[in-house]
1. Counting Lys and Arg as +1 and Asp and Glu as -1, each charge on the Cβ, what is the dipole of the protein assembly as shown about the Cα centre in debye, to the nearest 20?
2. Tell me which residues come under 5 Å, amide H to amide H, from B:Val44 once H is placed; ignore anything under 5 positions away on its chain.
3. List the GluC sites (Glu not before Pro) in the range B:52-121 that DSSP assigns to loop (not H, G, I, E or B) and whose Cβ has at most 10 other Cβ atoms within 10 Å. Which are they?
4. Among bridges DSSP assigns within the protein assembly as shown, what percent are antiparallel (round to 5)?
5. Place +1 on the Cβ of every Lys and Arg and -1 on the Cβ of every Asp and Glu in chain A, take the dipole about the Cα centre, and give the residue among A:Leu108, A:Val73, A:Ile63 whose Cα lies farthest towards its positive end.
6. Based on DSSP H assignment, which helices of chain A show an axial Cα extent of at least 18 Å together with a mean Kyte-Doolittle hydropathy greater than or equal to 0.5?
7. Quick check for me: using +1 on Lys/Arg Cβ and -1 on Asp/Glu Cβ, what's the dipole size of chain A about its Cα centre, in debye to the nearest 20?
8. Quick one: helix B:22-38 against the long Cα principal axis of chain B, what's the angle to the nearest 10°, folded into 0 to 90?
Amino acid sequence: MKEQLRSETRTLIREEPDIVSARSAVRDLAAQLGFSNVYLTMIATAVSELARNILQYARTGEIRARVVQNCSVPGIEIVASDSGPGIADVEKALQDGYSTSGGLGIGLPGVRRLMDEFEISAASGTTVTARLWQRKR
Amino acid sequence: MKVPILKQGNLLIASIQSALSDDDLTELREELTRMVGEKRAKGVIIEVATLDVIDSFATRTLRSIAHMARLRGADTVIVGIRPEVAFSMVQLGLSLAGIHTALDLDDGMELLRKLRERPES
């Protein structure tokens, strides 16, 4: 029997081991699309930073990932959402070295550099959407 | 303890076997800092070849292990960072500046040997 391909994953982020679960779930999904090891590592690293942000600022939230298409180019979309306090100054949060938590301040600007597309909405809670497209071989 | 730590001569070798959570990394830091004193180690090697992700927290913890070991009189070398992990770390803006690194265990031991031979300044 042919193994059914999964097209999305959802991981609740409530405690610190969930970070590891989220990054392996998203990595496995992206592996089905044929991303190379370099890109799989970039995706897993981005998920790790986003999940840690959720724990640090909102305590709970979730990481969802799904397969997306753009003009027949497949890609992966990661959505990290929480209903925490949001971000007071999004522009500032995207600057390298800025952190309100005493962290490295590398999370969001770093994730933006790792992925092809990056959107953030911080009106009520925070939702970060990031996409990476499969490269042509 | 999730990471086995072997003592070889006056070296401690911590060989990471699987993906580590933040708590596992913090535990490794406590354990190594304690063992440097207990075993009177002069060098610490941390093998990270099995880590598929080294993010900001892991980088910060590895750096603090090296600094703490240094304060306890031991040099630390991080060995085995995978090429794709190195790529992601650079993209993310993470660095292990000031921390000794080597390609593999053999090179790491060689580097520690050289460090111990350096003239005291």
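1. Details: 33 positive and 34 negative charges, 75 e Å.
The dipole magnitude comes to about 360 debye.
2. The answer is B:Leu12, B:Asp75, B:Thr76, B:Val77.
3. On the way: sites: B:Glu84, B:Glu110, B:Glu117, B:Glu120; in loops: B:Glu120.
Passing sites in the range B:52-121 are B:Glu120.
4. Working: 33 of 46 bridges.
Antiparallel: roughly 70 percent of the beta bridges in the protein assembly as shown.
5. Highest projection toward the positive end goes to A:Val73.
6. Working: long enough: A:17-32 (24 Å, 0.07); A:37-53 (24 Å, 0.55).
Qualifying helices: A:37-53.
7. On the way: 17 positive and 16 negative charges, 100 e Å.
Roughly 480 debye, rounded to the nearest 20.
8. That helix lies at roughly 10 degrees to the long axis.
Values quoted throughout were computed directly from the atomic coordinates according to the rules given, and no laboratory measurement underlies them. This is a predicted model, so every value here is computed, not measured. Note that each Cβ is placed from the backbone with ideal geometry, even for glycine, and that neighbours are counted across all protein chains shown.
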